[in-house]
1. Would you check if there is a residue in the range 8-23 being part of a loop (DSSP other than H, G, I, E, B), closer than 25 Å to residue 117 by Cβ, near the ligand (Cβ under 10 Å from one of its atoms) and under 11 Å from the mean Cα position of the chain (by Cα)?
2. Suppose we filter the range 189-207 for residues that are surrounded by 19 or more Cβ atoms within 10 Å (Cβ to Cβ) and in a loop (DSSP other than H, G, I, E, B); how many remain?
3. Return only the number of the condition from (1) assigned to a loop (DSSP other than H, G, I, E, B); (2) within 14 Å of the ligand (Cβ to nearest atom); (3) touching a residue at least 60 places away in the same chain (Cβ under 8 Å); (4) crowded, with 16+ Cβ neighbours inside 10 Å that residue 46 does not satisfy.
4. Suppose we keep only residues that are within 18 Å of residue 111 (Cα to Cα) and touching a residue at least 60 places away in the same chain (Cβ under 8 Å) within the range 161-185. Which one would you say is farthest from the ligand (Cβ to nearest atom)?
Ligand code: ATP
């Protein structure tokens with residue numbers, strides 16, 4: 001695949017990164033024809049309380065989890081930045097880095113997509129990237145290929161952009177929205193933090209290398 005192929009972008013708090021994040025990236029790459037997926041840990045996520053682990057620890061865990069998978073790359077810029085991690089600013093930075101023609105695909109779980117209309121300068125996101133939305137257990141499942149519990153403002157902006165085929169993502173740099181199905185995995189970082197906080201096992205919910213790192217640095221205990 002050439003460097004002109006769509007590049008996937010998966011942002012997250014990754015507190016910690018887990019197997020559903022990794023399957024989301026892997027399945028998005030295959031379903032949507034992405035050459036690679038760039039994992040972008042948030043430094044200071046604006047939409048939630050402070051993460052439990054530091055940006056440096058979350059970045060280190062993302063690096064461990066993605067090691068050995070040539071499809072995945074890690075972007076440390078948000079972690080390194082002192083300002084809030086707004087997606088629109090990250091997309092503007094990537095446009096400068098990658099040029100105006102490269103198709104970019106922002107990958108979101110259904111829960112993240114449902115909150116998109118509360119994001120900083122959210123309408124500008126569609127001028128900068130495509131958006132691909134994956135199902136997530138317990139969060140607004142696709143109904144007629146569209147998340148059911150969608151906000152009316154988001155619906156008005158998104159309906160005309162709804163795509164049907166992954167080929168549409170390669171045909172333009174930005175502007176389409178494509179729902180896609182991934183293997184449903186009811187894994188969340190919240191649940192992993194709860195398990196570890198209660199002294200219970202989180203094994204097989206996240207990579208062993210990440211679990212070892214958590215143990216070594218006494219995170220979430
Ligand atoms: P937390 O439980 O701390 O809120 P999380 O598990 O939701 O964390 P995030 O880092 O907030 O993980 O998520 C990053 C991205 O991955 C978001 O777009 C989110 O929707 C998506 N995602 C996370 N877990 C899943 C899952 N199990 N299925 C589908 N998408 C997911």
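1. Looking through the range 8-23, at least one residue is part of a loop (DSSP other than H, G, I, E, B), closer than 25 Å to residue 117 by Cβ, near the ligand (Cβ under 10 Å from one of its atoms) and under 11 Å from the mean Cα position of the chain (by Cα).
2. Residues in the range 189-207 being surrounded by 19 or more Cβ atoms within 10 Å (Cβ to Cβ) and in a loop (DSSP other than H, G, I, E, B): 3 in total.
3. The failed condition is (4).
4. Of everything passing the filter in the range 161-185, 178 is farthest from the ligand (Cβ to nearest atom).
Read-outs throughout are calculated quantities, based only on the coordinates presented, and are distinct from any laboratory measurement. Just so you know, these numbers come straight off a predicted model, no measurement behind them. Backbone-built Cβ (ideal geometry, glycine too); neighbour counts: all protein chains shown.
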